[in-house]
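Enquirer: The structure that follows is given in the form of structure tokens.
The values are calculated or read from the model by the stated rules, or taken from the named source; none is laboratory data. The structure displayed is predicted, hence computed values, not measured ones. No Cβ is skipped: glycine too gets one built from the backbone with ideal geometry, and neighbour counts run over all protein chains shown. Protein only, heavy atoms only, side chains kept; ligands, DNA and RNA dropped before computing areas. Shrake-Rupley method; radii C 1.70, N 1.55, O 1.52, S 1.80 Å.
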Amino acid sequence: MKTLVDDLRFGTRMLLKSPSFTAVALLTLALGIGANTAIFSAVNSVLLRPLPYKTPDRLAMLWLDNRRLGLHEDLTSYPNFVDWRSQSRLFEDMAAMAEMGADVTGVDVPYEVYGWRVGSHLFSMLGVTPEIGRTFTEQEEQRGHSAVAILSDGLWRERFGADPKALGRTMIMDGDPYVIVGVMPRSFQFPDKRTEIWTPLAVSERTKANRGGFWLRVLGKLKPGATFDQARAEMTLVGTNLERQYPNNNAGLGVWVVPLLNQVVGNLRTGLLVLFAAVGFVLLIACANVANLFLARGAGREREIAVRAALGAGRARLIRQLLTESFVFSVPAGAAGLLVAYGSLRALIALAPADMPRLNEIAMDGRVLLFTLGISLVSALFFGLVPAFRISRSDLNESLREGGRSLAGGVRASFVRSSLLVSEVALSMVLLAGAGLMVRSLIYLHALNPGFDSSNVLTMQLSAPYSKFSKGTEIAALYNRVIERLRAMPMIRSAGLVTDIFLSTTPNSGTFTVEGKPLPPLEQGIEATMDSVSPGYFSALRVPLIAGRFIDERDQAGSLPVALINETMARRYWPNEEPIGKRFHFGWGTTNVQWLTVVGVVGDMRRQGLDKVARVETFSPLAQRPRSDLKLVVRTSDDPSKVAGVIQSELRAIEKELVIQKVMTLDQQIGESLAQRRFQTWLLGLFSGIALLLAAIGIYGVMYHSVTQRTHEFGVRVALGAGTSDVLRMVLGQAVLLVGTGAAIGTVAALALTRFVSSLLYGVSSSDPLTYLAVFLVLIGSALAASYLPARRATKVDPMIALRYE
């Protein structure tokens with residue numbers, strides 16, 4: 001123990017004797033440790049930490065597995081939910097829930113709340129109780145019972161000033177009174193952070209019998225000891241049985257089981273693990289740099305090590321001393337890394353997309369501190385072993401002889417430093433290739449034609465108050481007045497309304513039948529979206545008309561039922577025919593149906609996301625299919641954000657209780673859809689830039705010591721007539737050779753590893769040659785820039801001084 005204490009004291013003194021060396025090495029390692037700690041904090045909170053519910057490892061989402069659409073996570077019907085719950089033997093309980101949006105009126109400024117209608121068992125399954133008040137009772141799920149609601153902490157604070165007396169108050173939602181009975185804790189954000197309110201899932205008798213109405217999501221809780229694999233197998237059998245029992249509704253539909261954690265995290269898992277691997281590479285590069293610094297520092301300790309060996313210290317004793325110094329160094333490096341991580345984590349949370357799951361849970365806890373301690377010690381072992389083994393192999397006679405060749409500057413040490421540099425460059429090549437691929441993918445997505453023109457377009461969500469506009473004709477009349485008023489405004493070029501500008505993963509869609517075409521088996525039926533649009537919508541977005549006409553004032557409630565279709569639908573169902581005048585209807589079969597006549601074909605739009613191709617889509621006149629909740633699209637002659645307030649004032653003048661929300665430009669909406677991809681690309685690019693900087697520092701250090709070692713050689717060459725360009729070419733050539741070797745190794749590694757980021761790419765292959773060529777040129781350019789100063793130093797060698805030194 002005394003020996004260890006002495007080694008620790010000596011190691012501390014040695015580090016304090018070289019403050020410049022210690023500061024540079026400390027900063028390099030702290031950067032690597034800090035980046036790893038910050039990303040691990042995110043990985044720990046999002047992927048590793050259990051969800052904040054009771055027995056979260058037993059919770060799962062159950063979906064309709066829609067083989068017709070190739071959609072694993074589709075909504076199900078109430079009868080299916082009842083059968084799932086009754087036929088399962090592995091699930092302890094299930095609760096259905098349905099998304100809802102409701103207009104709150106009876107207040108100064110009407111607003112909309114986003115929430116869920118849920119079964120009363122939901123909260124007990126999650127093991128969560130309200131902060132104040134209570135949850136629902138089973139009786140409150142019955143139709144005819146007085147309506148109640150539970151508020152989120154955010155809604156309670158924003159709309160009720162966190163007043164405990166809010167319990168018992170009444171909210172008017174969609175014209176109906178709801179009594180507030182509870183407020184959930186601030187940390188409760190189920191099923192997502194947007195949720196503001198929960199109401200009981202009160203289902204009518206008609207809905208309970210409608211197996212073809214798909215509108216529910218289902219949460220399930222496994223019995224103790226049951227596994228998800230067993231649950232998937234059981235529910236697959238249940239789905240098969242329901243297909244046989246109800247072929248008219250359930251053909252081609254199964255059951256899909258997803259652990260709740262996987263559901264919450266979604267595709268963020270891949271991105272986070274890629275970033276975690278990236279910062280791991282950054283730490284390895286930092287360790288290689290520090291190892292090179294320790295090797296260089298060993299040159300000044302050559303005689304000290306030799307004297308220790310001469311006095312009887314064995315190689316193992318010398319290695320232990322040198323490793324102890326590395327571990328002493330790793331402690332302040334780890335502490336500095338925690339400070340870097342804290343600042344990085346705050347920046348990461350601030351810059352992260354608002355829809356990033358579990359963002360509010362990201363924090364540095366005990367597990368993160370243990371991780372930091374662990375990587376600090378492992379790093380010390382990594383960057384300490386190489387110099388320790390190399391320095392401890394000193395030639396006693398050579399080192400003690402005055403003028404003996406420097407141990408750290410010898411051929412073997414030079415080889416070790418060069419090998420470390422090659423590994424740094426190889427790791428940098430992998431990171432830069434990954435970042436380059438993601439950047440190219442993002443650029444490709446931004447350059448894609450979405451099928452509409454998003455410039456100078458303002459969007460907002462409108463909702464007609466149900467208390468005043470309960471009939472379709474009333475709703476249509478209101479929105480006609482809205483469009484007419486907006487069109488009269490001089491700064492507005494065109495305006496229109498649509499059910500949804502963009503489509504969710506479970507869009508409003510249904511199976512349909514084409515007149516004159518054979519009915520396919522129901523399980524092979526294709527679904528089409530069903531959107532209501534007003535005249536002017538397609539003009540506002542500048543969607544091209546391919547054939548026929550747009551919807552206009554002729555298409556009223558009592559006129560011929562018509563529809564527009566997109567190019568995809570026209571190509572698929574009338575490939576060699578004129579689609580105008582053809583008919584189809586929603587539903588399967590031809591009995592007692594309303595046929596829709598195609599009057600126009602519009603261009604395809606990427607409404608599910610820029611990385612998704614268009615699906616089969618239909619558009620009906622708003623007058624023939626009224627909707628109270630619509631998206632307003634306005635094309636302006638100037639910056640749309642400048643006229644947003646004026647437009648809202650005009651809308652309030654038409655109807656003061658009209659709910660207006662989510663006012664933003666269309667470009668902002670598109671930006672939000674790419675926010676998570678852009679965030680991951682930005683982080684990977686940042687880490688790649690850090691890796692490149694560290695590699696450049698490593699190149700500079702290796703070339704500097706190489707020039708120092710070869711001082712005599714350069715002096716001789718200059719004395720024999722070598723010019724400045726010759727010496728420059730020699731030094732820079734050595735740097736290019738080392739970097740080229742590392743880049744070649746890194747290219748092979750990148751080709752093998754970048755396939756793991758292929759799911760994050762779009763329009764770019766993981767082996768894209770242009771990206772690899774660009775990265776190679778960047779590395780070569782960095783090598784030339786980092787080697788230039790050492791090369792210039794080599795050209796300044798005085799032959800007489802160099803020869804006298806030797």
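Enquirer: Given the conditions (1) open to solvent by 10 Å² or more (accessible area, probe 1.4 Å); (2) at pLDDT 95 or above; (3) closer than 28 Å to Tyr466 by Cα, report the number of the one that Leu90 does not fulfil.
Expert: Looking at each condition in turn, Leu90 falls short on (3).
Yes/no per residue for (1) over 17 Å from Gly213 (Cα atoms); (2) modelled with pLDDT of 95 or more:
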| residue | (1), (2) |
| --- | --- |
| Asp229 | yes, yes |
| Ala233 | yes, yes |
| Thr240 | yes, yes |
| Asn249 | no, no |
| Leu253 | no, no |
| Leu260 | yes, yes |
| Val265 | yes, no |
| Leu273 | yes, no |
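Enquirer: Are there any pairs with C-beta distances below 7 angstrom linking a residue in segment 162-184 that is touching a residue at least 24 places away in the same chain (Cβ under 8 Å) to a residue that is open to solvent by 30 Å² or more (accessible area, probe 1.4 Å) and among the β-branched types (Val, Ile, Thr), with the two at least 6 apart or on different chains, and if so which?
Expert: Cβ pairs passing all conditions: Pro164/Ile132; Leu167/Ile132; Pro177/Thr170; Tyr178/Thr170; Val179/Thr170; Gly182/Ile132; Gly182/Thr135; Val183/Ile132.
Enquirer: To continue, here is another question. Among (1) within 30 Å of Ala277 (Cβ to Cβ); (2) modelled with pLDDT under 80, which single condition is Asp7 missing?
Expert: Result: Asp7 passes all but (1).
Enquirer: Which residue pairs have Cβ atoms under 6 Å apart, sit 6 or more places apart or on different chains, and have a first residue in segment 734-763 that is farther than 27 Å from Asn267 by Cα and a second that is of a type in the set (S, T, N, Q)?
Expert: Final answer for the pair search is Ala735/Ser787; Leu738/Ser418.
Enquirer: Sort out which residues of segment 552-579 are more than 38 Å from the chain's Cα centre (by Cα) and under 25 Å from Asp453 (Cα atoms), and write them in order of number.
Expert: Correct list: Asp552, Glu553.
Enquirer: Separate question: Please find, among Val731, Val663, the residue that is touching a Phe, Trp or Tyr at 6+ places or on another chain (Cβ under 9 Å) and crowded, with 16+ Cβ neighbours inside 10 Å.
Expert: Answer to the selection: Val731.
Enquirer: For residues that are hydroxyl-bearing (Ser, Thr, Tyr) and closer than 15 Å to Ile699 by Cβ, scanning just segment 763-795, find the one that is least open to solvent (accessible area, probe 1.4 Å).
Expert: Only one residue tops the list, namely Ser787.
Enquirer: How many residues are over 18 Å from Glu657 (Cα atoms), in contact with a Ser or Thr (Cβ under 9 Å, 6 or more places away or on another chain) and crowded, with 18+ Cβ neighbours inside 10 Å when one looks only at segment 164-182?
Expert: Residues meeting the conditions: 4.
Enquirer: Ok, one more. I need a count of the residues in segment 734-762 that are open to solvent by 20 Å² or more (accessible area, probe 1.4 Å), closer than 29 Å to Asp611 by Cβ, among the hydroxyl-bearing types (Ser, Thr, Tyr) and not in a loop (DSSP other than H, G, I, E, B).
Expert: Number of matching residues: 3.
Enquirer: So, one more: Pick out the one residue from Ile546, Ile526 that is at pLDDT below 90, of a type outside the set (S, T, N, Q) and farther than 29 Å from Lys471 by Cβ.
Expert: Answer to the check: Ile526.
Enquirer: Mind checking which residues of segment 223-254 are touching a strand residue (DSSP E or B) at 6+ places or on another chain (Cβ under 6 Å), outside any helix (DSSP H, G or I) and of a type in the set (A, V, I, L, M, F, W, C)?
Expert: The one that is touching a strand residue (DSSP E or B) at 6+ places or on another chain (Cβ under 6 Å), outside any helix (DSSP H, G or I) and of a type in the set (A, V, I, L, M, F, W, C): Leu253.
Enquirer: Return the total of residues in segment 637-660 being open to solvent by less than 40 Å² (accessible area, probe 1.4 Å), in a loop (DSSP other than H, G, I, E, B) and not charged (D, E, K, R).
Expert: Qualifying residue count for the region: 1.
Enquirer: Does Gly404 satisfy the condition of being modelled with pLDDT under 65 and surrounded by 15 or more Cβ atoms within 10 Å (Cβ to Cβ)?
Expert: On the way: modelled with pLDDT under 65: yes; surrounded by 15 or more Cβ atoms within 10 Å (Cβ to Cβ): yes.
Judged against the criteria, Gly404 is a match.
Enquirer: Can you say whether Ser509 is open to solvent by 40 Å² or more (accessible area, probe 1.4 Å), modelled with pLDDT under 95 and either within 30 Å of Ser77 (Cβ to Cβ) or in contact with a helix residue (DSSP H, G or I) (Cβ under 6 Å, 6 or more places away or on another chain) (or both), as far as the supplied structure shows?
Expert: Considered against the rule, which asks whether it is open to solvent by 40 Å² or more (accessible area, probe 1.4 Å), modelled with pLDDT under 95 and either within 30 Å of Ser77 (Cβ to Cβ) or in contact with a helix residue (DSSP H, G or I) (Cβ under 6 Å, 6 or more places away or on another chain) (or both), Ser509 comes out as no.
Listed here are the residues, each with its yes/no results for (1) at pLDDT 90 or above; (2) over 31 Å from the mean Cα position of the chain (by Cα); (3) assigned to a strand (DSSP E or B).
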{"position": "Ala102", "(1), (2), (3)": "no, no, yes"}
{"position": "Ser120", "(1), (2), (3)": "no, yes, no"}
{"position": "Phe136", "(1), (2), (3)": "yes, yes, no"}
{"position": "Ser146", "(1), (2), (3)": "no, yes, no"}
{"position": "Ala149", "(1), (2), (3)": "yes, yes, yes"}
{"position": "Lys165", "(1), (2), (3)": "yes, yes, no"}
{"position": "Phe188", "(1), (2), (3)": "yes, no, no"}
{"position": "Pro191", "(1), (2), (3)": "yes, no, no"}
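Enquirer: Provide a single number: the residues in segment 666-677 that are crowded, with 17+ Cβ neighbours inside 10 Å, modelled with pLDDT under 90 and of a type outside the set (S, T, N, Q).
Expert: Adding up the residues that qualify gives 2.
Enquirer: Right, next: Among the residues of segment 43-50, is there at least one that is over 30 Å from Asn249 (Cβ atoms) and touching a Gly at 6+ places or on another chain (Cβ under 6 Å)?
Expert: no
Enquirer: If a residue counts only when it is more than 18 Å from Ser509 (Cβ to Cβ) and open to solvent by less than 10 Å² (accessible area, probe 1.4 Å), which strands (runs of 3 or more DSSP E) contained entirely in segment 554-636 have at least 2 such residues?
Expert: In segment 554-636, the matching strands (runs of 3 or more DSSP E) lie at 596-602, 629-636.
Enquirer: Restricting attention to segment 93-113, which residues are open to solvent by less than 10 Å² (accessible area, probe 1.4 Å) and hydrophobic (A, V, I, L, M, F, W, C)?
Expert: Of everything in segment 93-113, those that are open to solvent by less than 10 Å² (accessible area, probe 1.4 Å) and hydrophobic (A, V, I, L, M, F, W, C) turn out to be Met94, Ala95, Ala96, Met97, Ala98, Ala102, Val104, Val113.
Enquirer: Further question: Quick check: is even one residue across segment 259-272 small (Gly, Ala, Ser), closer than 30 Å to Ser330 by Cβ and either open to solvent by less than 20 Å² (accessible area, probe 1.4 Å) or touching a helix residue (DSSP H, G or I) at 6+ places or on another chain (Cβ under 9 Å) (or both)?
Expert: yes
Enquirer: Can you report the number of residues in segment 122-134 which are more than 24 Å from Tyr78 (Cα to Cα) and either in a helix (DSSP H, G or I) or open to solvent by 60 Å² or more (accessible area, probe 1.4 Å) (or both)?
Expert: 3
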